[in-house]
Amino acid sequence: MNETQNCSGCAKPVTRFDRYPKYLCFDCVAELTDEDGLGINYHNSSLGYLYGTYKEDAAKRYPNNRCFYKGIEYRAREGRFGGVVVQPAVEGEAIEKTLVPKVAHIV
Ligand SMILES: [Zn+2]
């Protein structure tokens with residue numbers, strides 16, 4: 001049985017997850033940008049929310065789960081077992097806000 005699949009960004013073999021057939025590997029996730037090409041990171045908060053920040057200024061929030069890898073549009077989501085899963089956006093797919101409540105602490 002084939003237990004790997006290929007990253008949809010760089011085609012590198014990654015652990016197979018039937019639930020996430022096109023997820024980006026860590027290396028590609030590290031290169032995600034916003035629409036203007038500014039680097040962004042996604043994180044899980046302690047309360048289970050996904051949120052984004054800008055690489056240049058980690059205090060600056062990136063407000064949604066829409067992201068880009070080499071110009072291709074992706075969506076970031078919380079993984080079923082934690083972490084952040086980034087998959088190609090399906091045409092017409094909604095953009096979700098990722099801002100955490102102000103009471104939440106950044107971990
Ligand atoms: Zn990759």
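Figures for the structure shown
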{"read-out": "Residue satisfying all of: in the stretch 59-82; part of a loop (DSSP other than H, G, I, E, B) and in contact with a strand residue (DSSP E or B) (Cβ under 7 Å, 6 or more places away or on another chain); nearest to residue 20 (Cα to Cα) among these", "value": "79"}
{"read-out": "Residue that is surrounded by the fewest Cβ atoms within 10 Å (Cβ to Cβ) [pool: residues in the stretch 17-51 that are of a type in the set (Gly, Ala, Ser) and either in contact with an Asp or Glu (Cβ under 6 Å, 6 or more places away or on another chain) or at pLDDT 95 or above (or both)]", "value": "37"}
{"read-out": "Cβ-Cβ under 7 Å pairs, at least 6 apart or on other chains, the stretch 1-15 side within 16 Å of residue 32 (Cα to Cα) and near the ligand (Cβ under 8 Å from one of its atoms), far side at pLDDT 95 or above and not in a loop (DSSP other than H, G, I, E, B)", "value": "7/14; 7/28; 8/88; 9/28; 9/69; 10/27; 10/28"}
{"read-out": "Residue that is part of a loop (DSSP other than H, G, I, E, B) and touching a residue at least 24 places away in the same chain (Cβ under 8 Å), where the choices are 31, 91, 56", "value": "31"}
{"read-out": "Those residues of the stretch 21-54 which are within 13 Å of the ligand (Cβ to nearest atom) and either of a type in the set (Phe, Trp, Tyr) or out of contact with any strand residue (DSSP E or B) (no Cβ under 7 Å at 6 or more places or on another chain) (or both), in sequence order", "value": "23, 26, 27, 30"}
{"read-out": "Evaluation of residue 105 against (1) in contact with a Ser or Thr (Cβ under 9 Å, 6 or more places away or on another chain); (2) at pLDDT below 95; (3) surrounded by 13 or more Cβ atoms within 10 Å (Cβ to Cβ) (one fails), failing number", "value": "(3)"}
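The values are calculated or read from the model by the stated rules, or taken from the named source; none is laboratory data. The structure presented is a predicted model; accordingly, all values stated were derived computationally and were not measured. Cβ: placed from backbone, ideal geometry, glycine included. Neighbour counts: every protein chain shown.
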